[in-house]
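In what follows, a structure is listed as structure tokens, so that the remarks can point back to it.
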There are 2 protein chains.
Amino acid sequence: VDEPTFLARLRTLPLHPGADGLTDDAALVGGLVVTTDTLVEGVHFLASDPAGDVAWKLVATNLSDLAAKAAVPEGVTLNYPLSDPAWDSAFLAGLAEVLAAYACPLIGGDTVSLPAGAPRVLTVTAFGRSARLPRRGGARAGDALWVTGTIGDAGAGLAIARGKPGPLALLAAYRRPQPRLAEGLALGPRVTAMTDVSDGLLLDSARMAAASGLAVALDLARVPLSAAYRTFAGDDRPARLRAATAGDDYQLLFALPAGAEPPVPATRVGAFSNGAGLTLHDAGEMLPLPPHLGFRHGA
Amino acid sequence: VDEPTFLARLRTLPLHPGADGLTDDAALVGGLVVTTDTLVEGVHFLASDPAGDVAWKLVATNLSDLAAKAAVPEGVTLNYPLSDPAWDSAFLAGLAEVLAAYACPLIGGDTVSLPAGAPRVLTVTAFGRSARLPRRGGARAGDALWVTGTIGDAGAGLAIARGKPGPLALLAAYRRPQPRLAEGLALGPRVTAMTDVSDGLLLDSARMAAASGLAVALDLARVPLSAAYRTFAGDDRPARLRAATAGDDYQLLFALPAGAEPPVPATRVGAFSNGAGLTLHDAGEMLPLPPHLGFRHGA
């Protein structure tokens, strides 16, 4: 079955009160924020990606979910398939780097063997502590939509990882995303809603609007692009649409009351209003929505 | 690399204080007992095993780790690879059954796609609350070693699942293990050490002794066998050795001071003493150790 159908069926099971109806990327269990992500070789990362970068990304994607909950990492568990010594050693080196970078200790885990030739499937579950838990669905009509950093770099980095020549900074954005933990902590007390941009700016904006029971209008002209991205992909409408629908940005997307300024560097990209759905414009000119709003790894 | 080498390297990373040096099956994080297990198709379960039974086993193996920590289940997260609708539906039905059977709600999770033909890899992380956390390594010299239930049924059930004719009760022991949560709660305040028998009675006894810094002597003649097992496999020494080295029993293995009686039905199978290692005897006759003490899924 597809992911929405599976999720709908999971919602018919007995749910934990902290699961928030399985509508969010993290749950609250006994005062801990809990989130989990699985990466699959050939789906979420390339077989040719360096093992150390896979370790980094596996932990970083989970910490990005904690960042969106304004949480301080408490630790991670790791479910790991043992394979060849060189890959395992490089993975461990990358794991040590990312855990040190974010002061995040290892809690435990499980190691397994896979049948010969099977693609690697790796899971990390991250635990954090948060004084106030922003929800994906808390935006109010009139709120502005903001995003940290720049958008589209990781999508360009994926093209570079697949062989297209391009700047290393974009490749690094794809392979070593930087979870916005400090920004999440600063934003936590201010935002009405927050999530991370994991599957594409348009898709994650639409999800935030849907979870909030609102419509959202996004201005393509305001989507923040890096200088490296503009050099690599250009700055025209197709390049901006590609950036806004690529995945793996791991920036924070959040709602603030109109007129409020965020406490961290960020760009205002849209606004919420009564209604439903996502509308896209480019400095005032309405645009049709692209066929895919983002990258749905799971579906 | 192999599992012990990988674990040794993980122990050089920054560890959470509740990780107990990665020496146990569960960790303590913010007052919650946390444990995680991954099942791999073709390694931990057969491709022909019914999907509902895989769901049951996936949750039950994690709840068995909670039982060994005298914990009440708080909930589970699920990392699930979507595949064909019939398998997914049967899995969901089995998941509903096992969660209802142990009053364990769903907390969250992640769904992913796998490349075509890839073996399924499923992870559950279980959360529990425990008033007192028994450790695997708490046994003292002179303590007796006890085990709940009967041993070897699941190993016989695996042979039946692979096509050997035999009683359904043994097949059920393999496919639908019953985590000993009630027994774990009753034993928690009394035991000096506790673990579950997941990889074989001999192997898990040896691990408990090693973690406790002690030697353990196990009496093969006292290993409790079910009537169904004796009918299926016999009651001679080879049959008893097979039972004591098969995996997937999910009984509780625990240490009590000499002379103390357990508060739940259980069988005394051995005793701890100063020294190191496992010795095996059969009603007084010393036996050589079999080449494999159990079933190491991960190695």
Quiz item: Given a 1.4 Å probe, how much area per residue of the stretch B:1-157 is accessible, in Å²?
Solution: 29
Quiz item: Placing a label point 7 Å from Cα toward Cβ, how far apart in nm is A:G234 from its equivalents in the other copies, listed shortest first to one decimal?
Solution: 7.9
Quiz item: What list of ³J(HN,Hα) values in whole Hz, one per residue of the stretch B:165-179 in order, does the Karplus curve 6.51 cos²θ - 1.76 cosθ + 1.60 (θ = phi - 60°) give from phi, with Gly and Pro shown as x?
Solution: x, x, x, 4, 4, 6, 4, 5, 5, 6, 8, 10, x, 10, x
Practice problem: Shielding by partners for A:29-40, please: the mean number of other protein chain Cβ atoms within 10 Å of each residue's Cβ. | Solution: 6
Self-check item: 1.4 Å probe accessible area per residue over the stretch A:192-299, in Å²
Solution: 40
Quiz item: Relative to the Cα centre, what is the charge dipole magnitude of the protein assembly as shown, using +1 at the beta carbon of each Lys and Arg, -1 at the beta carbon of each Asp and Glu, and rounding to the nearest 20 debye?
Solution: 540
Quiz item: Out of A:R230, A:R135, A:R176, any idea which swings most in a Gaussian network model of chain A, alpha carbons joined below 10 Å?
Solution: A:R230
Quiz item: Does chain B classify as rounded, prolate or oblate by the C-alpha gyration tensor (a ≥ b ≥ c root eigenvalues; a/c under 1.5 gives rounded; else a/b over b/c gives prolate, otherwise oblate)?
Solution: oblate
Self-check item: Student exercise, the stretch B:151-299 dipole from Lys, Arg, Asp, Glu Cβ charges, in Debye to nearest 20
Solution: 320
Quiz prompt | Amide H contacts of A:V29 (H built 1.01 Å from N, under 5 Å, at least 5 apart or other chain) | solution = A:V34
Quiz item: In the Gaussian network model of chain B, springs joining C-alpha atoms below 10 Å, which of B:D199, B:D236, B:D53 carries the largest mean-square fluctuation?
Solution: B:D236
Practice problem: Take every DSSP beta bridge with both residues inside the stretch B:64-207 and express the antiparallel ones as a percent of the total, to the nearest 5. | Solution: 55
Quiz item: With each run of n ≥ 4 DSSP H residues scored as -39500 (n - 2.57), what mean residue ellipticity at 222 nm is computed for chain A after dividing by its residue count and rounding to the nearest 500 deg cm²/dmol?
Solution: -9500 deg cm²/dmol
Quiz item: For the pairing of chain B with chain A, what total accessible surface becomes buried, with a 1.4 angstrom probe, in square angstrom to the nearest 100?
Solution: 4900
Quiz item: Of B:G108, B:L122, B:F232, whose Cα points farthest to the positive end of the dipole of the protein assembly as shown (charges on the beta-carbon: +1 Lys, Arg; -1 Asp, Glu; origin at the Cα centre)?
Solution: B:G108
Practice problem: With +1 on each Lys and Arg Cβ and -1 on each Asp and Glu Cβ, and nothing else charged, work out how big the dipole of the stretch B:1-67 is about its Cα centre, in Debye to the nearest 20. | Solution: 220
Quiz item: Within the accessible area of chain A, what % is carbon and sulfur when the probe is 1.4 Å and the other protein chains stay in place?
Solution: 57
Practice problem: Ignore the peptide's own chain and count Cβ atoms of other chains within 10 Å of each Cβ in B:113-126; give me the average, rounded. | Solution: 6
Quiz item: So in the protein assembly as shown, what percent of DSSP beta bridges are antiparallel if you round to the nearest 5?
Solution: 75
Quiz item: Taking chain B as a Gaussian network, Cα atoms linked when under 10 Å apart, which of B:A19, B:A100, B:A173 shows the biggest mean-square fluctuation?
Solution: B:A100
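The values are calculated or read from the model by the stated rules, or taken from the named source; none is laboratory data. None of these values were measured; they are calculated from a predicted model. Heads up, the Cβs are rebuilt from the backbone with ideal geometry, glycines too, and the neighbour counts pull from every protein chain shown. Areas reflect the complete protein model, heavy atoms only, side chains present, ligands, DNA and RNA absent. Shrake-Rupley method; radii C 1.70, N 1.55, O 1.52, S 1.80 Å.
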